[in-house]
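Quick one: structure below, then a few questions.
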């Protein structure tokens, strides 16, 4: 596989006459209000070879009838039950033919022309398997949004964060991250992926249900030798929290459980159990923090997450072996983002050093 030595070479790239086919696929569950607000912007994307698909996860609201009534040009694929983000997309994408999939949240507004820059970057190098645009806040448009910002990263202990967002601190976009760069994971809010790479990696992990499944897929793609990138020349506006609010204890459960599964299934053999052991102690600190904040349900959610991880450890162990392991992947911070943020008080990505292969 030929890998582009300098991602900025895409600035001089001339797109081919025969554009690749792109399918924007929106997974919906009881999201009529979002479809009503944001479908017009998706239809005005302006990419010639575009199909728009809504995969419905057995909604009980008027979503499907609303689309059929108002947007007959949008293809609807109906799942028989709510299969979550991972299972829902896997089922729908089996029925979609395109060169590129774009997994787009229903609560995202897109400007005209947002697709072309990402496709141009990915077409310039077959080694790029997945990419995201810049994710901005729908309500405060000069700020990055939590779910992706200017590209997803991970620290050495498995904590996910972004260029432009560390824990709950989101930066104002002043153009400081306008360079196309390798990242660790691309945001599921607006996730571009080559169809053949998606299938080669085995799709999204349905055991995760929701949260971190795009990070898991990106890690598996890197294990296959591909790269993940951010294309800041495109930006979209995400409402955020449309499916599970941050105050929801179920989200806490998914985040803690899925993070352990993510590490177990993708780390090289000698690193798995030492890091999992350390994470149990770090999660215990979070357990006490929730307890002191009076958020008992969130403490109990961590208990449940650890129990379900341990109960399924044989399954996670078997799934580890499906792809080759690599010692180094791009977009890993060699330090501790927890230490840097909570102890040293660093709030911004630009204050961090020692990254693995971002250029």
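Right, residue 77: closer than 15 Å to residue 30 by Cβ, free of Cβ contacts under 8 Å to residues at least 60 places away in the same chain, part of a strand (DSSP E or B) and touching a helix residue (DSSP H, G or I) at 6+ places or on another chain (Cβ under 9 Å) or not?
No.
Looking at the structure I just gave you, is residue 282 out of contact with any helix residue (DSSP H, G or I) (no Cβ under 9 Å at 6 or more places or on another chain), closer than 26 Å to residue 346 by Cα and assigned to a helix (DSSP H, G or I)?
In short, no.
To keep it simple, each residue is scored yes or no on (1) out of contact with any strand residue (DSSP E or B) (no Cβ under 8 Å at 6 or more places or on another chain); (2) closer than 22 Å to residue 225 by Cβ; (3) surrounded by 24 or more Cβ atoms within 10 Å (Cβ to Cβ).
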{"residue": "67", "(1), (2), (3)": "no, no, no"}
{"residue": "80", "(1), (2), (3)": "yes, no, no"}
{"residue": "84", "(1), (2), (3)": "no, no, no"}
{"residue": "94", "(1), (2), (3)": "yes, no, no"}
{"residue": "99", "(1), (2), (3)": "no, yes, no"}
{"residue": "102", "(1), (2), (3)": "no, no, yes"}
{"residue": "117", "(1), (2), (3)": "no, no, no"}
{"residue": "130", "(1), (2), (3)": "no, yes, yes"}
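Identify all residues within the stretch 29-48 that are under 19 Å from residue 190 (Cβ atoms) and in a loop (DSSP other than H, G, I, E, B); write none if there are none.
Once the filter is applied, which keeps residues that are under 19 Å from residue 190 (Cβ atoms) and in a loop (DSSP other than H, G, I, E, B), the stretch 29-48 yields 29, 31, 44, 45, 46, 47.
Right, next: As an exercise: evaluate residue 269 against (1) over 27 Å from residue 143 (Cα atoms); (2) surrounded by 14 or more Cβ atoms within 10 Å (Cβ to Cβ); (3) in contact (Cβ under 8 Å) with a residue 24 or more places away in the chain and give the number of the one condition it does not meet.
(2)
Another question about this same structure. Kindly indicate which of 260, 221, 208 is touching a helix residue (DSSP H, G or I) at 6+ places or on another chain (Cβ under 8 Å) and either over 29 Å from residue 321 (Cβ atoms) or outside the structural domain of residue 102 (by TED's automatic domain parsing) (or both).
The conditions single out 260.
Tally time: how many residues in the stretch 49-65 are buried (at least 19 other Cβ atoms within 10 Å of the Cβ) and either assigned to a strand (DSSP E or B) or at pLDDT below 95 (or both)?
6
Do the conditions hold for residue 191, that is, is it surrounded by 24 or more Cβ atoms within 10 Å (Cβ to Cβ), under 19 Å from residue 57 (Cβ atoms) and not assigned by TED's automatic domain parsing to the domain that holds residue 297?
Yes.
Does the stretch 224-245 contain at least one residue that is free of Cβ contacts under 8 Å to residues at least 60 places away in the same chain and in contact with a helix residue (DSSP H, G or I) (Cβ under 6 Å, 6 or more places away or on another chain)?
yes
With (1) at pLDDT 95 or above; (2) surrounded by 14 or more Cβ atoms within 10 Å (Cβ to Cβ); (3) over 26 Å from residue 200 (Cα atoms) as the list, and residue 277 as the residue in question, which single condition is left unmet?
(2)
The values are calculated or read from the model by the stated rules, or taken from the named source; none is laboratory data. Model, not experiment: these values are computed from the prediction. As a convention, Cβ positions derive from the backbone with ideal geometry for all residues, glycine included, and neighbour counts pool all protein chains shown.
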